[in-house]
Amino acid sequence: MMYAICYVSDERKELNKEDLILLYEQTVYNNYREQITGVLIYKDGSFFQVLEGEHQIITSLFDKIKKDKRHMNVITLFKRESDRVFDDYLTGFSIVDNYQGLESLRIFLADKRAVSTTSACVESIIKSYLKA
């Protein structure tokens, strides 16, 4: 059984497009190496992320995120055992930073409802982003 952590945080300093591209490239590389899947949503200075993988790897990564100088006000939305939901979502990990990407993610999660309760939980959380 996989483990999933979902959190929100605020950026400590404003990230520009180049910062986000670098973050994405680092994240994809590191997560592929550690067999971590998930999604990262960045909007108006805030992050929403779901991480999936082996329990020890995910909890260790989340501890690093909480200490990362790019993040502040980290709030855990859930930590739980879960079937992997994002293994086939845009190469296993994606950064969503626009409405079209959010809508695509919502549709993806709706299709995964039968696979895991995690997908339904995440889907309900991102609906607030779609309304904003």
Review point. How large is Rg/Rh for segment 2-97, to two decimals, with Cα atoms and a Kirkwood Rh?
Key: 0.93
Practice item. Lys and Arg at +1, Asp and Glu at -1: add these up for the other residues within a Cβ distance under 12 Å of residue 76 and post the number. Key: +2
Exercise for review: Would you tally the net charge around residue 3, using a Cβ to Cβ cut-off of less than 9 Å, leaving residue 3 out, and scoring K and R as +1, D and E as -1?
Suggested key: -1
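Every read-out reported here was derived from the displayed coordinates using simple, explicitly stated rules and does not represent laboratory data. This structure is a prediction, so every number in the text was calculated from the model and none was measured. Counting neighbours? That spans all protein chains shown, and the Cβs are built from the backbone with ideal geometry, glycine included.
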